[in-house]
Structure formats: structure tokens, C-alpha cells
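A short write-up of the structure that comes next.
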Number of protein chains: 2
Amino acid sequence: MAAMTLLERYANLVVRAGVNLQPGQGLVLATDTAHLEIARAVTEAAYAAGAAFVEPLFDDGPMRRSELDHLSVEQLTADRPWVLARNAAWDERGVAFIALVGSDPTVFEGADPLRMAARRREESRTMRKVTTGTAHRWSVIGAPNPGWARQIFGEPDTDRLWEVVATALRLDDPDPVAAWRARAEVLAARAARLDALALTEVRYLGDGTDLRVGLPAGCRWTGGGLVDDSGMLFMPNLPTEEVFTSPHREHAEGTIRLTKPVVVAGQLVTGLRATFRDGRITGVTADAGAEVVRAQLDTDEGARRLGEVSLVDRDSRIAAAGVVFHNTLFDENAGCHVAWGNSFPFALPGRSAEERFAAGHNTSMVHTDVVIGGEGLTVTARGRDGEVTLLEDDAWVLA
Amino acid sequence: MAAMTLLERYANLVVRAGVNLQPGQGLVLATDTAHLEIARAVTEAAYAAGAAFVEPLFDDGPMRRSELDHLSVEQLTADRPWVLARNAAWDERGVAFIALVGSDPTVFEGADPLRMAARRREESRTMRKVTTGTAHRWSVIGAPNPGWARQIFGEPDTDRLWEVVATALRLDDPDPVAAWRARAEVLAARAARLDALALTEVRYLGDGTDLRVGLPAGCRWTGGGLVDDSGMLFMPNLPTEEVFTSPHREHAEGTIRLTKPVVVAGQLVTGLRATFRDGRITGVTADAGAEVVRAQLDTDEGARRLGEVSLVDRDSRIAAAGVVFHNTLFDENAGCHVAWGNSFPFALPGRSAEERFAAGHNTSMVHTDVVIGGEGLTVTARGRDGEVTLLEDDAWVLA
């Protein structure tokens, strides 16, 4: 076989490791028009893997902006029967779903937030059956384009963005598909091990960080790939480096110092430190951007309580890429992190929202991941076996 | 109102004069990904005109090529139920339809002709209800892009292509919408006048051309815009400069000398001369490309008989643009022309295919327009009022 180009490796990765596409299966490909070349490569890889059809779902920023500027909220929330028929047919045919994400948010500057938030309810609900959960195999992957490059580098240097994305996606590995399958197995094994320990508390300890977080009884950890309802593996996120769960919203004590900048409401926040008491963030300082963080924490009651604790070790390739990606898919995977805001339902599986809230889960309109991992970080935990060490100097040590 | 850009004039032209879009109406916009900027401008113009929704139908050459290379003819002809549901809903909602055409055929070089010819039968049939006829208002307009520019100029000089397209589309007029509505009225009036004359023969007489063509009894001429089933005007083609009908396939005598090159099977044919006897082309010579024409004329029995006679006067802006557009929408409108190959059903309205064939219409897989008009051309005709002159020195003279 001839050597694959970077684009071919990328396409092959998401088609094979991402959605594990099978011969005769259909593929729905959500893509921005800003990265057509990537969408074309993924289409070719999908057909080469035996796709029965590839249906592109194009997003175009300026067209969407026209729609937002001219239509009423009523028009923007009206379900279209033919889209419902299409979604039902895709669900019935068992399509796989790939989303190539990385758009240019500047096209929506000044747009009406009410209209931007408008959703076609039934269309969204039926599409979510295909794009979330385990009924279908789906994968969200970062896709370099000029608008995204401009956010990171201040100029549309797509070549440079490709370099860092290739690093983060392990495209420099001789066999990226095998590399990611192996990595997903490691992460899944870690999650299973953590579940077996029945942890009640984790503690992050590093330079400027000493945070103890309580966990709800019965909480489940997630990591690596998922298994769909027919028993086939897939990877919902590429890259993914984390093992994570949702903590108890009332139990967080201590301080954190961010080791990476974070983008909040489009603004870069650096040198952030936060203090927690009884689960609430009680104070925030930063070298830049503290105001936007404080404003976000005032969004609702749950905004200043944790919705996620996550473990990422130094084998992650995100930090190695050396940039802020302005994209959670990448940035949260740069190191151990926590997130204030909404909890994950699947972290307490089989329970209603009320039951989860009663058990300690958080609810909020926001969910902001902030990285506290890196050189020197130690993470310990308490559980069934007493105190255990999870990471030491940013390396996974739990046997 | 601020001065409109060229792109805005173009978009406004096709939305208003082309499909005559009404507030609250939906628009289906077929576009190649090669001219996204144009599709965006048309989308904005449509929403500004009150569109309830704009649904883009993207064509992407490389994605289509992947599909053609990997799928079987059976897969390529399978109707997708969700597309049928969508087409039915669009039909029911009375959408308008715009096609932005001008793609790059080189992407299909070497593709399997059998697969390229494959059509999803019911999808095509139901879509044709929206994209042809008079149940919906629809418009096909040329859209500059790099691939099309390369065909014309040998390099992807889109700016230069825009200049000639702008000339052909009268975008230099202070009010292109009004200019085209006026032009359409003139052409429609000419068609009505020709119908009233009940012509039985037309004769083209110019330098190297002396062709007499018989017309079937009851034939109808078409020109300018059409009126949809609800009585509203629209312009199916932009640009359009012709008044045309389908002649009797057995009655053509004489010779023609082309005044413009013609593109046949992707090849430029120059200096073409052809001889007709009893309706058949009996001989062809050319400075270049005679072979590809002869091959085409051997396609089927009807290939060497006429399917169209057309009248275009010197007020056409196509010839003024001074290039071969490699696009029939433009090139046929450069001057008076005839076409060998298939006839137009609407030129003998209300009759079955068998009845039309019995009346003299032609059937063929091909339809190639060749321009014989220009300086010095005279066109005369015989009918109810005896002999009349239609054009003199390329100018319309029929009162």
C-alpha cells in the first residue's frame, strides 16, 4: 500500500477507529463548508470502507447568519416534516455519524442570542438519537480550517494548525487507528478500575492546587471508547485522553491554579485561581479575564459548582502540541481538569434527573473545563480500599 | 439604498426576476460547493425578500466522484425514501427552485459512463416536478467559479469570468431586474407574434449559411419568461435571449456555417460547416473537431436531425462578452442557432410523444446547439401571411 497522506490518515482514523464503519452501512457526515477538503477525504475513506451511502450535512456560517438575521424565533423553531422523515429513516437504517468540528465563531458576532439559541425541537430530538448515546456509532473530531486557525494564531495559518492537530490526533504514529484503539483500551481499563474502587473523594495536589472533591455514591467513570447497543466499539471523541465522572456538587474544598489558559465566552483567561468552599467557588483571581469568569459563575445557581472531575496523564498529546486550541475537544484533554457547571447523566446511570440531583449531581446552563494538570501534579483518592494514588507527577500510577 | 455589489445584483436578479420569490415562500437552492460565495449571496437575497426558508442542495464534485467510483449501478439507482418525502414536501409547500450552474467537468475524467448515467428514478421524477414545468417557479443561472474559468481561459481566472458573465447577465444595467423583465416581455411578444403567423418554414441566409427548415403544423414558439400555474412570471434561464421551437425532423435543406465555436463532448469545434438533405446532416467539415461531431451524429437515428430552431438578435449580450463560455446556457444565446437532436415536448403542447413524433418531432439522446447568427444574417419565414422577414442583418425586424 502506498504511504497515506496526512489527510488520508485523518480520514481513515475517524472512519475506522471513530465510528468503526462496516461494509453496507450508511454514513451521515456533518461538516462545515470551511473544511471541504477534509469532508471529501472522509467521504472517500468511508466509500473505500464499504459505505452504502455518505450523506453530507453541510453547515455554512454565512448562510446560517442570514437565516438568523431574517427569520423569526417562531420560524427558527418550526420543525420541518421532511427533516423528521429523514432523521427517522437514518435511525432505522442504522447509520454511523461523523461530525467534523472547528468553525469560525466570528461570523456570528452581533447575532441575536435568542435566535441563536432557537432549536427545532423534534428535529433536534430525533437527530440526537443518531448523534449521541449508543444506538448508533458516532464520532466528533476536530477539523482544521482557516477560521479556527485564526482563533489560535491570529492568522488563518491552516498548515500550522494541521501540525498541532496531527500531533494531538497521533497522526504521526505509523498506524493511528491502532494507536487510538490501544489508547482507548487503556482509558477504558482505568475507568473500570476506578469504578471497582468505589471512590468517595479525589484530591488534586500540585503547585497552587489543593482541591478535595466528594463523589456521589455509585458514580461511574467513563474513558476511551464506548460500545454501541450491538456490541461494537466506537470513539465518540477524537482526540480523547480523559477518564472522568461527575462529583457531588456540595463537596469541593480548597484551591486550584490553572496550568493552561481557558477560553470563556470567546475570551482568553490566563493565570486563573479559584477557591472552593462547600462545593461553591467563593473567589476567583486571574492575570487576565477574571471578569468574564465571574460573570459566567453568576449565570445560575449551579454555575459555580463542579459538574466534572477528570483524570488525564502525561501521555496525552494535547499539551505536547503546545497551543490553546480554543476548542474543548482538544483543550480539556491537555491535562487533569475539573469543570464547573452541568453534570453528566451517564455518570449516575439509570436514574432520573431528580434522583441524580438528590444524589449530588449539579444542574446548570454552563459547563466549563479548566486544566489543572501538568508537571508535579499528584492525584489521590479514597474509597473501598482506603487511600490510593492515581497520578504521581502527572503520570498514571494506579495499578 | 447603498450601491449594490456585483454579487448582490446577481443574487437579487435570480431571486426577483428569476424565480419571482414571494414573502413566506420557501426556496431550494442547488449549488456547487465551488461557488459558495454566490450561494451565500443568493441565500441572503432570498431571506431579504421574505423567504420562509432556504434549503441548500450542495453538489460537490470530488464527493460525487467518490460515490461514482465505489458504488454499484444498483446502489446508484436506489431511491432513498427520505429524499422522496423531502421532494413531496417541497412540492406541496410550493417552493421556488434556483440552480447555480457552472461546474468543473474535469473531476469526472475517467469515471465510468454507466455509473455517471445512473439516476435514482423516483427521486429524479419527483424533483423534476419542482425543477421543470410550470407547477413551481424555477431558474437556472450561470455561476462563475475557478473550474469553469479554467475551461474558458485555461486558468482559474474567476475575476475575468465574472466580467464576461456580468456583461451577459446585464449586471452593468442600473436595474438588472427591470432590464431582464423588459427583455423577457420583448421575447414573449415575439413568440406570440410568430405563433400568430402559423409559420410552416424558416430560412436562415448568411455568409456560408442557407438553410430552409420546415415546421410541424401547430408548433408553438417560446421566448422570455414563463407563467406558472398560479399566473406568476418567472425566468427559467438566465441569461435567455432566444425565441425557439422544434422543427419537422424530415424537412431541412441546405448548408450552415457556424459563426461561433461549439463545445462537443468537452472538445472545442471551430469552423464547422454542415450540409442537410431531407432533414439529415449528410456532411460535416471543420477547421478543428470534425471527428467528435461526426461521432456524435452517429449516436442514434435522431442525432443528425434537427430538434430546435432558434432566433436571437443582436441585442443579445452574449456575443458582446466575446468568449466561448463552454456552457450552453450562455453559448446558445450568442446568436441565431439550430440544434441537432431531441425536440422540446412543449413545442407541440398537449400531445403524446407518439403524436409528436407523428407530427414531425425528433427523438435523440443528444441535443447540440450551434450558432449561425451574427452580422449579415437574414431570417425569413413562410406562413399564413405568406413570406415575412424576421431578422435582417442580425436585427429583429418583424413588426
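Scanning the range B:89-112 for residues that are part of a helix (DSSP H, G or I) and out of contact with any Phe, Trp or Tyr (no Cβ under 8 Å at 6 or more places or on another chain) yields a count of 7.
Looking for something outside any loop (DSSP other than H, G, I, E, B), in contact with a His (Cβ under 9 Å, 6 or more places away or on another chain) and modelled with pLDDT under 95 - is there at least one such residue anywhere in the range A:264-281? Yes, there is a match, as at least one residue in the range A:264-281 is outside any loop (DSSP other than H, G, I, E, B), in contact with a His (Cβ under 9 Å, 6 or more places away or on another chain) and modelled with pLDDT under 95. The residue of the range B:45-60 that is nearest to the other protein chains (Cβ to nearest Cβ), among those that are surrounded by fewer than 24 Cβ atoms within 10 Å (Cβ to Cβ) and more than 19 Å from A:Thr31 (Cα to Cα), is B:Tyr47.
Among the residues of the range A:138-153, at least one is charged (D, E, K, R) and surrounded by fewer than 23 Cβ atoms within 10 Å (Cβ to Cβ).
Taken together, B:Ala143, B:Ala168, B:Ala118 contain a single residue that is more than 21 Å from the chain's Cα centre (by Cα) and of a type in the set (A, V, I, L, M), which is B:Ala118. Looking only at the range B:31-44, filter to residues that are more than 8 Å from chain A (Cβ to nearest Cβ) and out of contact with any helix residue (DSSP H, G or I) (no Cβ under 6 Å at 6 or more places or on another chain); which one of those is nearest to B:Glu8 (Cα to Cα)? The residue in question is B:Ile38.
Yes/no matrix, rows are residues, columns are (1) in contact with a Gly (Cβ under 8 Å, 6 or more places away or on another chain); (2) on the phi < 0 side of the Ramachandran plot:
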{"residue": "A:Thr240", "(1), (2)": "yes, yes"}
{"residue": "A:Lys260", "(1), (2)": "yes, yes"}
{"residue": "A:Gly266", "(1), (2)": "no, no"}
{"residue": "A:Leu272", "(1), (2)": "yes, yes"}
{"residue": "A:Phe276", "(1), (2)": "yes, yes"}
{"residue": "A:Ala286", "(1), (2)": "yes, yes"}
{"residue": "A:Glu291", "(1), (2)": "no, yes"}
{"residue": "A:Ala295", "(1), (2)": "no, yes"}
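Scanning the range B:116-135 for any residue that is within 13 Å of chain A (Cβ to nearest Cβ) and open to solvent by 60 Å² or more (accessible area, probe 1.4 Å) turns up nothing. Scoring A:Gly50 on the criteria (1) on the phi < 0 side of the Ramachandran plot; (2) more than 27 Å from the chain's Cα centre (by Cα) leaves a single failure, condition (1). Touching a residue at least 40 places away in the same chain (Cβ under 8 Å), more than 28 Å from A:Glu55 (Cα to Cα) and in contact with a Pro (Cβ under 6 Å, 6 or more places away or on another chain): does that describe B:Arg9? It is true that B:Arg9 is touching a residue at least 40 places away in the same chain (Cβ under 8 Å), more than 28 Å from A:Glu55 (Cα to Cα) and in contact with a Pro (Cβ under 6 Å, 6 or more places away or on another chain). B:Glu67 passes every criterion in (1) in contact with a helix residue (DSSP H, G or I) (Cβ under 6 Å, 6 or more places away or on another chain); (2) more than 25 Å from B:Leu233 (Cβ to Cβ); (3) surrounded by 18 or more Cβ atoms within 10 Å (Cβ to Cβ); (4) at the interface with chain A (Cβ under 7 Å from one of its Cβ atoms) apart from (1).
B:Thr282: under 28 Å from B:Arg220 (Cα atoms), polar (S, T, N, Q) and over 21 Å from the mean Cα position of the chain (by Cα), yes or no? Against the criterion (under 28 Å from B:Arg220 (Cα atoms), polar (S, T, N, Q) and over 21 Å from the mean Cα position of the chain (by Cα)), B:Thr282 qualifies.
Scanning the range A:70-83 for residues that are within 9 Å of chain B (Cβ to nearest Cβ) and assigned to a helix (DSSP H, G or I) yields A:His70, A:Gln75, A:Pro81, A:Trp82, A:Val83. Residues that are without any contact (Cβ under 8 Å) to a residue 24 or more places away in the chain and on the phi > 0 side of the Ramachandran plot within the range B:97-110 comprise just one, B:Gly110. Filter the range A:212-223 down to the residues that are buried (at least 19 other Cβ atoms within 10 Å of the Cβ) and either outside the structural domain of A:Leu377 (by TED's automatic domain parsing) or outside any loop (DSSP other than H, G, I, E, B) (or both) and list them by number. Hits for the range A:212-223 are A:Val213, A:Gly214, A:Thr222, A:Gly223. When residues in the range A:193-211 are screened for being open to solvent by less than 60 Å² (accessible area, probe 1.4 Å) and either part of a helix (DSSP H, G or I) or hydrophobic (A, V, I, L, M, F, W, C) (or both), 8 of them pass. Note on the range B:11-28: residues that are touching a Leu at 6+ places or on another chain (Cβ under 7 Å) and assigned to a strand (DSSP E or B) amount to 2.
Of the listed requirements (1) more than 19 Å from the chain's Cα centre (by Cα); (2) buried (at least 19 other Cβ atoms within 10 Å of the Cβ), A:Pro236 misses just one: (1).
Going by the conditions given, is B:Ala320 open to solvent by 10 Å² or more (accessible area, probe 1.4 Å), of a type in the set (A, V, I, L, M) and within 23 Å of the chain's Cα centre (by Cα)? Yes, satisfied.
The residue that is nearest to the other protein chains (Cβ to nearest Cβ), counting only those in the range A:84-96 that are open to solvent by less than 20 Å² (accessible area, probe 1.4 Å) and touching a residue at least 60 places away in the same chain (Cβ under 8 Å), is A:Trp90.
Restricting attention to the range B:158-185, and to residues there that are assigned to a loop (DSSP other than H, G, I, E, B) and of a type in the set (D, E, K, R), which single residue is nearest to B:Asp331 (Cα to Cα)?
Restricting attention to the range B:158-185, the residues satisfying the condition of being assigned to a loop (DSSP other than H, G, I, E, B) are B:169-175.
Narrowing further to those that are of a type in the set (D, E, K, R): B:170, B:172-173, B:175.
Values: B:Arg170: 15, B:Asp172: 19, B:Asp173: 21, B:Asp175: 24 Å.
Step by step, filter the range B:158-185, then rank; the result is B:Arg170.
Taking first residues from the range B:45-67 that are assigned to a loop (DSSP other than H, G, I, E, B) and partners that are open to solvent by less than 20 Å² (accessible area, probe 1.4 Å) and among the hydrophobic types (A, V, I, L, M, F, W, C), the Cβ contacts under 7 Å between residues at least 6 apart in sequence or on separate chains come to B:Ala49/B:Val15; B:Ala49/B:Leu21; B:Ala51/B:Leu21; B:Ala51/B:Leu27. Just to be sure before I move on: is B:Asn237 in contact (Cβ under 8 Å) with a residue 12 or more places away in the chain and under 30 Å from B:Ile281 (Cα atoms) in the structure I sent? Taking the combined requirement at face value, the residue satisfies it.
Taking A:Thr106 as the residue in question, decide whether it is open to solvent by 50 Å² or more (accessible area, probe 1.4 Å), within 30 Å of A:Ala179 (Cβ to Cβ) and more than 8 Å from chain B (Cβ to nearest Cβ).
Taking the combined requirement at face value, the residue does not satisfy it.
The values are calculated or read from the model by the stated rules, or taken from the named source; none is laboratory data. Here the structure is a predicted model, which is why all the values come from computation and not from measurement. With ideal geometry, Cβ positions are generated from the backbone for all residues, glycine too; neighbour counts draw on all protein chains shown. Side chains included, ligands, DNA and RNA excluded: accessible areas come from the protein's heavy atoms. Shrake-Rupley method; radii C 1.70, N 1.55, O 1.52, S 1.80 Å.
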